[in-house]
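K.L.:
This structure is in structure tokens; I'll ask about it shortly.
The values are calculated or read from the model by the stated rules, or taken from the named source; none is laboratory data. Quantities reported herein were computed from a predicted structural model and do not represent experimental measurements. Don't worry about glycine lacking a Cβ; one is built from the backbone with ideal geometry, like all the others, and counts go over all protein chains shown. These area figures cover heavy atoms from the full protein model, side chains too; ligands, DNA and RNA do not enter into them. Shrake-Rupley method; radii C 1.70, N 1.55, O 1.52, S 1.80 Å.
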Amino acid sequence: DERNRAVRAVAEQLRQQLIDGSASASLQQLALQEVIAPLAKKQEAAQVLGLAATFDEIFPRSLLVEMSRQEQIQPADKVLDELLAQRFLLSGDDGASLWLSPTLRAYVYERQSPTDCHRRHRLVATYYEAQAEPLLAARHWQRAAQDARAVRVLLPTVNELILELQSKELIE
């Protein structure tokens, strides 16, 4: 009887949480902890996933590999292939582009040190600046806490971006 009462009480509590949505955030955190748990024993894989969390868009595999090498993660390609095999990252364009889910990205990003994040964003911003991607470069300069540099990247391209109907992105 006691077991049955406990099961009913838990079922009622879960039903109530489902109705009011109060448990969704905590359940999501628990699920993300469970997903990330296998990486606790694989420091290089966790580091590469931390690097990937720098991006909030589709990004080039070659850039992630280069960033991994700069942080002395060896062998970067092998670690990246393991993350792809375990579906932490998804690839496209015959493996040339990568993507990290926004939910997992936010969870991993929150656990990175601000110093590392700023350094990584500066590296990515420099890359996008060289690729003539001013919006992406400016976004990463902002996240690197270098707003003045973001403005210097955007100002010369404002008219062009407005003509391309990217005013919303420009305002952001």
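K.L.:
Just give me the residues in region 37-56 being open to solvent by 30 Å² or more (accessible area, probe 1.4 Å) and touching a Leu at 6+ places or on another chain (Cβ under 8 Å), in sequence order.
P.N.:
Matches in region 37-56: Ala46 only.
K.L.:
Do any residues in region 140-160 that are of a type in the set (Phe, Trp, Tyr) have Cβ atoms under 7 Å from those of residues that are in a helix (DSSP H, G or I) and surrounded by 12 or more Cβ atoms within 10 Å (Cβ to Cβ), where the two are at least six apart or on different chains, and which pairs are they?
P.N.:
Every condition considered, the pairs that remain are Trp141/Ala125; Trp141/Arg149; Trp141/Ala150; Trp141/Val153.
K.L.:
Let me ask something else about it. Just to check your reading of the model, which residue among Ser91, Ser26 is of a type in the set (Ser, Thr, Tyr) and either at pLDDT below 85 or in a loop (DSSP other than H, G, I, E, B) (or both)?
P.N.:
After applying the criteria, what remains is Ser26.
K.L.:
Okay, moving on. Can you tell me which condition Pro114 does not meet? The list is (1) modelled with pLDDT of 90 or more; (2) open to solvent by less than 70 Å² (accessible area, probe 1.4 Å), and all the others hold.
P.N.:
Against the list (1) modelled with pLDDT of 90 or more; (2) open to solvent by less than 70 Å² (accessible area, probe 1.4 Å), Pro114 comes up short only on (2).
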